[in-house]
Every structure is written in structure tokens, then in C-alpha cells.
Amino acid sequence: VKAIFGGFGGRVLPDELRRGANGCMPACEIADLLAKVMELWWQGDEARARDLHNRLLPLIIRENQPFMRYILKRRGVFSNTLQRAPAGVDALDADDRREISTLLDAIKDDVEYYPFGPE
């Protein structure tokens with residue numbers, strides 16, 4: 001084994017890093033920010049790594065297909081949030097989008113590329 005990667009989308013990334021993991025396998029919508037957590041950790045700044053991870057965690061736990069599409073649209077990667085199959089019960093409503101916007105505000109200064117645009 002040349003490297004150990006954690007799973008679970010980065011939900012427990014600090015614990016995995018502390019136990020010797022070399023990274024994790026997140027979905028793409030905030031992978032750059034999880035990479036920043038790892039960089040801070042490897043630089044020896046565990047406190048800042050944990051702080052950023054704690055601010056990301058409420059977003060990570062919301063991860064599902066509609067959420068990922070919504071974040072990628074907000075980052076300018078997608079032009080819309082249409083899906084081939086309707087999201088059904090997983091669809092985001094106005095309250096979900098409002099809460100996500102609040103959570104994104106907590107990490108906006110950590111984003112270097114593809115900043116979060118308006119809804």
C-alpha cells in the first residue's frame with residue numbers, strides 16, 4: 001500500500017489524517033476546500049485545519065445529487081441544476097438554499113478558485 005485514503009466524503013477527515021491517512025475521496029463540489037484542510041494539516045497547523053473542516057462539515061453532511069449540482073451551479077461550473085431524473089424528496093427548497101447560502105458565507109474567504117456566485 002503506497003497511500004491510504006479515507007472515505008465518507010471527508011466527514012471525519014481530521015481523524016483520518018491523525019490516524020495516518022494521506023487524503024480522502026470527496027465529491028467534487030468542495031474538494032478544493034478539503035484539499036486545503038489537508039494542506040493546513042500537513043503544514044502542522046492542526047487548529048486551522050480543524051477550524052476549516054468544522055465550517056465545511058454542515059455542507060458535507062448535506063451532500064446528495066441536488067446539493068452537488070446546486071453548489072456546482074453556484075461556483076459557475078454548471079449553468080443550471082436540471083437533472084435527468086427528478087430529485088423528488090431530495091430536491092432543495094427555498095429554505096435549503098437559504099441555509100446553504102448561510103453556510104457558504106462561513107467559508108467564502110477560503111475559496112481561491114470558482115467562488116460561490118449568487119443563487
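The values are calculated or read from the model by the stated rules, or taken from the named source; none is laboratory data. Being a predicted model, the structure only gives us computed values, none of them experimental. Positions of Cβ are generated from backbone atoms using ideal geometry, with glycine treated the same way; all protein chains shown enter the neighbour counts. These accessible areas exclude ligands, DNA and RNA; they are computed on the full protein's heavy atoms, side chains included. Shrake-Rupley method; radii C 1.70, N 1.55, O 1.52, S 1.80 Å.
Tell me the mean residue ellipticity at 222 nm calculated for the chain from its helices only (DSSP H runs of n ≥ 4, each -39500 (n - 2.57), averaged over every residue, nearest 500).
Estimated from H runs of four or more residues: -14000 deg cm²/dmol.
In nm, give the distance between the simple-model label positions of E63 and A91, each being 7 Å from the Cα along the Cα-to-Cβ direction.
Placing both labels 7 Å beyond Cα along the Cβ direction yields 2.5 nm.
Expressed as an acute angle from 0 to 90° and rounded to the nearest 10, what is the orientation of the C-alpha long axis of helix 94-105 relative to the principal long axis of the chain?
The answer is roughly 40 degrees.
When the chain is fully extended, how far beyond the present Cα-Cα distance does Y113 get from A35, taking 0.36 nm per residue of separation?
26.8 nm
Only four residue types carry charge here, +1 at the Cβ of Lys and Arg and -1 at the Cβ of Asp and Glu. Report the dipole size of the chain about the Cα centre in Debye, rounded to the nearest 20.
Computed charge dipole of the chain: roughly 300 debye.
How much accessible area per residue does the stretch 8-110 have, counting only protein heavy atoms and a probe of 1.4 Å, in square angstrom?
56 Å²
Relative to the first principal axis of the alpha-carbon coordinates of the chain, what is the inclination of helix 46-60, with its axis defined by its Cα atoms, in degrees from 0 to 90 and to the nearest 10?
With rounding to tens, the tilt is 30 degrees.
Ignoring everything but the protein chains, give the 1.4 Å probe accessible area of V89 in square angstrom, nearest 10.
Its accessible surface works out to 150 Å², give or take rounding.
From largest accessible area down, sort R75, R97; use a 1.4 Å probe on the protein chains.
Heavy-atom accessible area, descending, gives R97, R75.
Which loop chymotrypsin sites (Phe, Trp or Tyr not before Pro) in the stretch 1-82, with loop taken from DSSP, have no more than 16 other Cβ atoms within 10 angstrom of their Cβ?
In loop regions of the stretch 1-82 (DSSP not H, G, I, E or B), the sparsely surrounded chymotrypsin sites (Phe, Trp or Tyr not before Pro) are F78.
Can you tell which of M25, M38, M68 shows the greatest fluctuation in a Gaussian network model of the chain with Cα springs below 10 Å?
Of M25, M38, M68, the most mobile in the Gaussian network model is M25.
Taking R0 as 35 Å, what FRET efficiency do you get between E99 and A3 from their Cβ-Cβ distance, rounded to the nearest 0.05?
0.50
Per the 1.4 Å probe, what fraction of the accessible area of the stretch 8-110, in percent, lies on carbon and sulfur atoms?
Carbon and sulfur together cover 50 percent of it.
Just how much of E16 is accessible, in Å², when a 1.4 Å probe is used and the result is rounded to the nearest 10?
Roughly 30 Å² of E16 is accessible to a 1.4 Å probe.
Express the relative contact order of the chain as a whole percentage, based on alpha carbon pairs under 8 Å and six or more residues apart in sequence.
Computed value for the chain: 22 percent relative contact order.
With a ≥ b ≥ c the root eigenvalues of the C-alpha gyration tensor of the stretch 1-69, is it rounded (a/c under 1.5), prolate (a/b larger than b/c) or oblate?
oblate
Roughly how tilted is helix 31-42, in degrees to the nearest 10 and between 0 and 90, from the longest Cα axis of the chain?
Between the helix axis and the principal axis of the chain, the angle is about 20 degrees.
Given a 1.4 Å probe and heavy atoms of the protein chains only, how would you sort D51, D110, largest accessible area at the top?
From most exposed to least exposed: D51, D110.
Could you put I4, I71 in order of accessible surface area, largest first, with the 1.4 Å probe and the full protein assembly present?
Putting I4, I71 in descending order of accessible area: I4, I71.
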